[in-house]
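The values are calculated or read from the model by the stated rules, or taken from the named source; none is laboratory data. Bear in mind the structure is a predicted one, so any value in this text is a computation, not a measurement. Virtual Cβ from ideal backbone geometry, glycine too; neighbours counted across all protein chains shown.
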Amino acid sequence: MKLIAEIRARDWSTVLLWAVYLALLGVLLPHTAWAFGQFEPGHLTGLGWIAAIAFEGAIAAFTWRLKELIEDTPNHKSVWKRFRRRYLNIYALGLLVAIGVSSLANWAHSVEYGRAFTVFDKYRIPPLLYTMAFGAILPACSLLFARILADVRDSDVEVSAEIAELKRANSGLRSELKAAERNLTRAEDAAKLLLQLTAEDKAQRILAASNQWPGLSQSALAHITGASPSYVSQVLTKESGCSASTVMRALKGESQ
């Protein structure tokens, strides 16, 4: 129950992170649309919005596919193999390209409309710093969110590994339980045999020993059961005669 509760809590955190991430892309969208609109005639400014939606949507799509790839990547012991499989792929490249375009667009917007802050003028901080901080840094935050979402999926992979480990442990416990059941059955059979071999009726002891060790001689059976060899022979002959008569009766019944 605790594991299920942890998985549910992690799922809610993933939904919240995706909501924040998409809200960030929504903030970047008008700035990116403005930048693309600068390259279009006045009557085609709508194309800037189409291009901006395409690039910001590409960031979300590439992040989603990269997350899926991270989820499906086995937990290699080699850090390099794990990193190469997760981040050196076409989805990561597409994400970086889309983020690069969005970063340039938002940086251009901050340079175009940004005003100097008193705190920057007072401490003589170059304008480039705050145009980068309040423009190009926003898409970089998008990349950071992609990494955070990947970390969430990494945690899910770890939970899946824990579940698999629990299943393996459960399988081991089942094997041990079956082995214990077999041992119990053997112990019960041994106890039953011991009771038969120590019964007061010598005939019962002789028959039990004969069934347990069919290859023993009559003298050995006599020694084990504490009876005389002649009595052992008598009991076995009687038992053999009963078995033969039972077979004959069965055969006569079939012939009728």
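Can residue 53 be described as out of contact with any Gly (no Cβ under 7 Å at 6 or more places or on another chain) and under 19 Å from residue 149 (Cβ atoms)?
no
Considering only the range 26-50, how many residues are among the aliphatic types (A, V, I, L, M), touching a residue at least 24 places away in the same chain (Cβ under 8 Å) and over 20 Å from residue 148 (Cα atoms)? Don't jump to the end; show me each part of the working.
Taking the range 26-50 as the starting set, the residues that turn out to be among the aliphatic types (A, V, I, L, M) are 27-29, 33, 35, 44, 47, 50.
From the residues that got through so far, the ones that are touching a residue at least 24 places away in the same chain (Cβ under 8 Å) too are 27-29, 35.
Those left that are additionally over 20 Å from residue 148 (Cα atoms): 29, 35.
Final tally of qualifying residues: 2.
Can you confirm whether residue 13 is at pLDDT below 80 and either more than 13 Å from residue 149 (Cα to Cα) or outside the structural domain of residue 139 (by TED's automatic domain parsing) (or both)?
Spelling it out, it is not the case that residue 13 is at pLDDT below 80 and either more than 13 Å from residue 149 (Cα to Cα) or outside the structural domain of residue 139 (by TED's automatic domain parsing) (or both).
Quick test for you: out of 83, 134, pick the one residue that is among the hydrophobic types (A, V, I, L, M, F, W, C), under 24 Å from residue 14 (Cα atoms) and out of contact with any Leu (no Cβ under 9 Å at 6 or more places or on another chain).
The unique qualifying residue is 83.
So which residues in the range 16-46 are at pLDDT 85 or above and among the β-branched types (Val, Ile, Thr)?
20, 27, 32
What is the residue count in the range 72-84 for residues that are surrounded by 15 or more Cβ atoms within 10 Å (Cβ to Cβ) and of a type outside the set (Lys, Arg)? I'd like the intermediate steps shown before the answer.
Applying the first criterion (surrounded by 15 or more Cβ atoms within 10 Å (Cβ to Cβ)) to the range 72-84 yields 73, 82.
If we keep only those that are of a type outside the set (Lys, Arg) too, we end up with 73.
Of the residues in that region, 1 qualify.
Rundown of residues vs (1) over 41 Å from the mean Cα position of the chain (by Cα); (2) in the same structural domain as residue 26 (by TED's automatic domain parsing); (3) outside any helix (DSSP H, G or I), yes/no style:
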{"site": "75", "(1), (2), (3)": "no, yes, yes"}
{"site": "105", "(1), (2), (3)": "yes, yes, no"}
{"site": "115", "(1), (2), (3)": "yes, yes, yes"}
{"site": "128", "(1), (2), (3)": "yes, yes, no"}
{"site": "131", "(1), (2), (3)": "yes, yes, no"}
{"site": "139", "(1), (2), (3)": "no, yes, no"}
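Can you find even one residue in the range 221-228 that is assigned to a helix (DSSP H, G or I) and modelled with pLDDT of 75 or more?
Scanning the range 221-228 turns up at least one residue that is assigned to a helix (DSSP H, G or I) and modelled with pLDDT of 75 or more.
If I ask for residues that are modelled with pLDDT of 75 or more and closer than 18 Å to residue 239 by Cα, which ones from the range 189-204 would you list?
Of everything in the range 189-204, those that are modelled with pLDDT of 75 or more and closer than 18 Å to residue 239 by Cα turn out to be 201, 202, 203, 204.
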